[in-house]
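Below is one structure, written out as structure tokens, with a few remarks after it.
The values are calculated or read from the model by the stated rules, or taken from the named source; none is laboratory data. Since this is a predicted model, take the numbers as computed values, not measurements. Every residue, glycine among them, receives a Cβ derived from its backbone with ideal geometry; neighbour counts consider all protein chains shown. Surface areas here come from the heavy atoms of the whole protein model, side chains and all, with no ligands, DNA or RNA. Shrake-Rupley method; radii C 1.70, N 1.55, O 1.52, S 1.80 Å.
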Protein chains: 2
Amino acid sequence: MATLALAHWATDLTPSSLPAPILQAALRSLYNYTGCAIAGSNHPTTLKAHTALAPFSPNSSPSHLLGQPSSTVSAPLAALLNGIASHVHDYDDTHLATIIHPTGPVASALLSYATHTSPSQPISGADLLTVLAAGIEAACKLGLAVWPTHYSTGWHITSTTGSIGAAVAVGKLMKLPARQLAHAIGLAATQVTGLREMFGSDCKSLHVGRAAESGFMAAVLAQEGFTSSTEALEAKRGWCRVVVGGGEEGERAVERLGELVGELGREWEVEKNAFKPFPCGIVCHAAIDGCVQLHEDGVEVGEIERVEARVHPLVMELTAKKEPKDGLEAKFSVFHGAAVGLLFGKAGPAEYADEVVRNAEVVEVREKIEAKADEGIAADEAHLKVHLAGGRVVVKHVQHAVGSLDRPMTDEQLEWKFVDQVGLVLGEAKAKKISDLAWGIADSPDVAAVISAI
Amino acid sequence: MATLALAHWATDLTPSSLPAPILQAALRSLYNYTGCAIAGSNHPTTLKAHTALAPFSPNSSPSHLLGQPSSTVSAPLAALLNGIASHVHDYDDTHLATIIHPTGPVASALLSYATHTSPSQPISGADLLTVLAAGIEAACKLGLAVWPTHYSTGWHITSTTGSIGAAVAVGKLMKLPARQLAHAIGLAATQVTGLREMFGSDCKSLHVGRAAESGFMAAVLAQEGFTSSTEALEAKRGWCRVVVGGGEEGERAVERLGELVGELGREWEVEKNAFKPFPCGIVCHAAIDGCVQLHEDGVEVGEIERVEARVHPLVMELTAKKEPKDGLEAKFSVFHGAAVGLLFGKAGPAEYADEVVRNAEVVEVREKIEAKADEGIAADEAHLKVHLAGGRVVVKHVQHAVGSLDRPMTDEQLEWKFVDQVGLVLGEAKAKKISDLAWGIADSPDVAAVISAI
């Protein structure tokens with residue numbers, strides 16, 4: 001209750017309820033502050049920050065919001081908003097070893113910077129993909145160094161590592177020398193955004209947006225000569241130790257970081273980036289996958305009397321919501337995902353809309369599904385047993401869920417996902433056109449031209 | 001070396017050095033990202049953030065930089081730059097029990113918001129001081145809850161608590177209902193900026209600026225209905241536990257937080273806010289104070305043969321730099337502070353300028369000073385013994401340094417400090433005029449008019 005108690009106390013406070021000595025103490029603090037702020041206003045540190053950050057405005061350097069071509073905002077705000085948008089459906093990507101969603105923070109910062117600098121500094125598709133890979137590697141290697149303590153302590157590992165990945169990517173795009181790029185890494189590392197407590201609220205996606213914007217800002221500041229520490233990650237009080245709470249775990253994290261940095265370029269993390277086939281927690285993907293397959297096999301929901309699912313124990317721990325009330329809750333319901341899979345043969349964002357979650361037919365199918373945790377079942381595995389009218393039984397075994405490392409999404413499946421979700425915003429015809437543009441970015445001599453058409 | 005190694009690896013990476021499957025993996029990640037970002041671009045979460053943050057531009061809502069009346073920037077950037085400026089000389093204020101410098105983040109956010117909303121919503125001096133007090137209380141109570149583990153782990157406690165203080169202050173100024181203010185607290189709490197590793201670089205002051213801007217943004221988002229968690233501070237994975245690394249210390253922190261919130265309005269922290277008389281580490285203030293007093297007593301540096309100082313052990317641990325090379329290093333040199341105190345009778349920002357630090361006369365006095373740690377001496381105490389030509393000895397005992405809680409800066413001393421440091425930027429006559437304006441803010445019916453004249 002501390003948060004609400006603090007909020008209530010502050011809300012209720014009035015000037016007349018404040019003792020006079022407290023008002024006087026506040027005045028002395030403000031007075032002293034004012035002198036300090038004026039005295040520091042022409043300090044080189046302040047001037048570097050001003051020079052670096054003031055040029056970004058919606059007018060002098062507009063940047064592009066994906067899917068919203070009529071809106072232009074400042075480049076840092078574009079990084080923030082694109083970052084939010086990319087994560088808000090929980091449908092992005094997953095580096096499975098760390099459950100980092102790496103592309104959101106890095107690409108959001110990059111695309112904003114690329115459109116900002118265009119057309120004076122055209123950036124080729126090959127260059128863009130190279131710096132994207134560098135940023136994703138940085139974020140995932142850092143995640144591996146601090147996993148799992150960092151996550152179990154309560155940090156949203158996507159954003160806490162993503163700002164650093166974004167700084168590496170944008171800094172590299174700016175062609176910063178290595179020492180300046182190290183300062184950019186430090187400037188991003190010191191901005192540790194993202195508590196897991198915020199999951200289930202708007203704030204979860206803000207983490208991704210803020211990580212993009214923090215990394216963007218870090219690179220822009222470093223370019224102006226703004227300094228941090230060139231030992232920001234490994235120092236005694238550096239990122240790696242601090243974000244696992246120090247102690248022995250901190251020592252282990254720094255040691256692992258050294259090893260992971262040593263294997264950069266030999267062992268690639270971007271290759272292990274998986275794509276979500278369904279916009280919900282990854283643990284229930286195998287069960288949904290099986291239900292989609294049953295639909296494709298011709299199983300009619302009208303004939304289903306009961307479905308028995310045997311799943312990995314985490315499915316029941318994390319997604320056992322039997323009667324979700326809205327789309328957000330449905331993301332934590334293996335029953336909902338399975339039901340729409342059986343009913344519609346798909347489980348995309350449309351199937352997680354509030355009205356679908358509350359639809360009577362969907363509710364009816366949901367109620368026929370039973371799920372049991374089974375220690376003998378792998379995280380990406382599911383066994384389904386469907387009891388049909390007349391005593392018939394159909395069995396489906398999913399050994400590896402679609403989107404897992406053993407059964408990655410194909411380019412065709414990625415394209416289906418793209419057109420399906422983009423179509424909800426822009427219509428199917430435009431979605432197909434934009435899909436072609438997005439694939440074609442690899443060969444573009446000036447990616448900004450492509451991005452601004454998206 | 002991990003930071004520089006990562007930077008070098010990224011800098012050296014070229015498209016042609018990337019294996020084709022890695023470029024393809026990067027393209028798949030970018031393609032999938034693009035679809036997700038478009039699909040999320042019209043989601044309510046994204047739209048709320050867009051609506052909340054887009055209005056802030058240097059044109060549509062300019063905000064004021066203290067001491068730089070010709071510069072106008074967007075309100076969030078003003079919060080950031082004023083925050084940097086207020087802390088960059090290490091000359092601000094100190095809540096001694098937590099070594100938080102509380103006013104920088106809170107006031108920087110507040111003044112930006114106040115000038116942004118003017119003249120449509122005039123804010124009185126009494127209201128401004130009330131919300132400032134609320135923000136300072138919030139930051140310091142949170143600091144007390146997590147002290148000392150949070151700081152010893154490596155966090156810059158001024159900025160990690162300051163963003164929350166700023167959100168409380170701005171949110172209260174906006175008259176957010178308590179529940180929305182709780183969301184603002186959560187939105188600020190999830191942005192944990194500031195590693196101590198950055199001390200000694202530009203980045204240290206950035207922490208204060210970013211805390212101000214994060215708190216500002218948190219309040220603006222909450223006003224638009226953007227949600228976080230209303231248990232952001234005390235939850236199992238909330239701020240309080242996470243920023244001390246969890247475990248038993250986390251439980252203790254949450255317990256203390258509950259007690260501290262319970263005493264809000266009865267036990268005030270803003271009253272315990274101390275002001276720095278010298279722009280350097282607080283541990284050496286007693287020794288400098290003694291030297292300034294010796295100058296005032298008429299001791300001539302030309303006659304000094306040797307100074308013996310007995311000081312608290314921390315002075316030697318933190319500020320024993322005998323031959324500082326520049327102003328920044330001089331902040332960590334009790335010898336420099338003592339030397340300019342003896343020589344000039346003051347130790348303000350002018351006495352920490354690089355050229356003063358390297359001045360031959362200053363160097364000569366510095367070399368005559370010896371300092372020894374003494375376990376029997378308190379943190380705000382110093383014993384000085386000056387050996388003069390001809391065998392005379394002068395002794396000075398400072399029981400409580402100026403600026404300590406036992407000997408707080410008087411209003412006159414605060415004013416001297418204000419005019420001295422502001423005069424370096426704007427000249428003495430203007431500094432005196434602005435000092436009067438700054439004291440007078442308490443009685444102003446519209447503080448924005450005052451701020452924009454500062």
Check your understanding: If you check B:ALA212, B:ALA235, which single one turns out to be in a helix (DSSP H, G or I) and of a type in the set (A, V, I, L, M)?
Key -> B:ALA212
Check your understanding: With (1) open to solvent by 10 Å² or more (accessible area, probe 1.4 Å); (2) over 19 Å from B:LYS204 (Cβ atoms); (3) facing chain B (nearest Cβ under 9 Å); (4) assigned to a helix (DSSP H, G or I) as the list, and A:ARG241 as the residue in question, which single condition is left unmet?
Key -> (2)
Practice item. Would you check if there is a residue in the range B:302-313 being within 25 Å of B:SER152 (Cβ to Cβ), among the hydrophobic types (A, V, I, L, M, F, W, C) and facing another protein chain (nearest Cβ under 8 Å)? Key: no
Exercise for review: Quick one: in the range B:156-179, of everything that is in contact (Cβ under 8 Å) with a residue 40 or more places away in the chain and surrounded by fewer than 23 Cβ atoms within 10 Å (Cβ to Cβ), which residue is nearest to A:SER201 (Cα to Cα)?
Suggested key: B:ARG179
Practice item. Could you identify the single residue in B:ALA453, B:ALA442, B:ALA379, B:ALA350 that is more than 30 Å from B:SER70 (Cα to Cα) and not charged (D, E, K, R)? Key: B:ALA379
Point to revise | Criterion (in the same structural domain as A:GLU381 (by TED's automatic domain parsing), of a type in the set (Val, Ile, Thr) and touching a Gly at 6+ places or on another chain (Cβ under 7 Å)) met by exactly one of A:ILE288, A:ILE304 | key: A:ILE288
Practice item. Taking B:GLY200 as the residue in question, decide whether it is at pLDDT below 95 and closer than 30 Å to A:ALA52 by Cα. Key: yes
Study note, to complete from the structure: Per the filter on the range B:55-67, residues facing chain A (nearest Cβ under 7 Å) and without any contact (Cβ under 8 Å) to a residue 12 or more places away in the chain are B:ASN59
Review point. Out of the range B:244-262, which residues are in contact (Cβ under 8 Å) with a residue 24 or more places away in the chain, of a type outside the set (A, V, I, L, M, F, W, C) and part of a loop (DSSP other than H, G, I, E, B)?
Key: B:GLY245
Exercise for review: Quick one: A:GLU361 ticks every box in (1) in contact with a helix residue (DSSP H, G or I) (Cβ under 6 Å, 6 or more places away or on another chain); (2) of a type in the set (Asp, Glu); (3) closer than 27 Å to A:VAL422 by Cβ except a single one, so which number is it?
Suggested key: (1)
Practice item. Name the helices (runs of 4 or more DSSP H) wholly inside the range A:375-454 in which the number of residues that are closer than 17 Å to B:GLY35 by Cα and open to solvent by 50 Å² or more (accessible area, probe 1.4 Å) is 3 or more. Key: A:411-426, A:428-440
Check your understanding: Which members of the range A:105-129 meet the condition of being at the interface with chain B (Cβ under 7 Å from one of its Cβ atoms), surrounded by fewer than 24 Cβ atoms within 10 Å (Cβ to Cβ) and not small (Gly, Ala, Ser)?
Key -> A:ASP127
Practice item. Could you please let me know if B:ALA166 is facing chain A (nearest Cβ under 8 Å), modelled with pLDDT of 95 or more, in a helix (DSSP H, G or I) and in contact with a helix residue (DSSP H, G or I) (Cβ under 8 Å, 6 or more places away or on another chain)? Key: no
Review point. Which ones in the range A:215-232 are assigned to a helix (DSSP H, G or I), open to solvent by less than 10 Å² (accessible area, probe 1.4 Å) and more than 22 Å from A:THR103 (Cβ to Cβ)?
Key: A:LEU221, A:ALA222
**Study point:** Subset of the range A:95-112 (residues that are touching a His at 6+ places or on another chain (Cβ under 7 Å) and within 16 Å of A:VAL168 (Cα to Cα))
**Key:** A:PRO102, A:GLY104
Revision key, fill the gap. Per the filter on the range B:135-155, residues open to solvent by less than 10 Å² (accessible area, probe 1.4 Å) and either more than 17 Å from B:GLY258 (Cα to Cα) or more than 9 Å from chain A (Cβ to nearest Cβ) (or both) are B:GLY135, B:ILE136, B:ALA139, B:CYS140, B:GLY143, B:VAL146, B:HIS150, B:GLY154, B:TRP155
**Study point:** Selection from the range A:183-214 of residues that are more than 7 Å from chain B (Cβ to nearest Cβ), open to solvent by 10 Å² or more (accessible area, probe 1.4 Å) and farther than 24 Å from A:GLU234 by Cβ
**Key:** A:PHE199, A:GLY200, A:LYS204, A:GLU213
Check your understanding: Does the range A:215-231 contain any residue that is more than 21 Å from A:LYS175 (Cα to Cα) and either free of Cβ contacts under 8 Å to residues at least 40 places away in the same chain or more than 7 Å from chain B (Cβ to nearest Cβ) (or both)?
Key -> no
Review point. In the range B:1-54, which residues are at the interface with another protein chain (Cβ under 7 Å from one of its Cβ atoms), open to solvent by 10 Å² or more (accessible area, probe 1.4 Å), of a type outside the set (A, V, I, L, M, F, W, C) and in contact (Cβ under 8 Å) with a residue 60 or more places away in the chain?
Key: B:LYS48
Exercise for review: State whether one or more residues within the range B:395-413 are modelled with pLDDT under 95 and hydrophobic (A, V, I, L, M, F, W, C).
Suggested key: yes
Review point. In the range A:255-280, how many are open to solvent by 30 Å² or more (accessible area, probe 1.4 Å), within 8 Å of chain B (Cβ to nearest Cβ) and under 25 Å from the mean Cα position of the chain (by Cα)?
Key: 2
Check your understanding: Scanning for something farther than 22 Å from B:LYS417 by Cα, loosely packed, with under 15 Cβ neighbours inside 10 Å and at pLDDT 95 or above, does the range B:335-357 turn up at least one residue?
Key -> no
Review point. Among (1) touching a strand residue (DSSP E or B) at 6+ places or on another chain (Cβ under 7 Å); (2) within 7 Å of chain B (Cβ to nearest Cβ); (3) among the hydroxyl-bearing types (Ser, Thr, Tyr), which single condition is A:THR94 missing?
Key: (2)
Practice item. Check off (1) without any contact (Cβ under 8 Å) to a residue 40 or more places away in the chain; (2) open to solvent by 30 Å² or more (accessible area, probe 1.4 Å); (3) assigned to a loop (DSSP other than H, G, I, E, B); (4) over 23 Å from B:VAL394 (Cβ atoms) for B:GLU323 and give me the number that stays unchecked. Key: (1)
Practice item. Could you tell me whether any residue of the range B:281-291 is over 21 Å from B:ARG358 (Cα atoms), open to solvent by 20 Å² or more (accessible area, probe 1.4 Å), outside any helix (DSSP H, G or I) and out of contact with any His (no Cβ under 6 Å at 6 or more places or on another chain)? Key: no
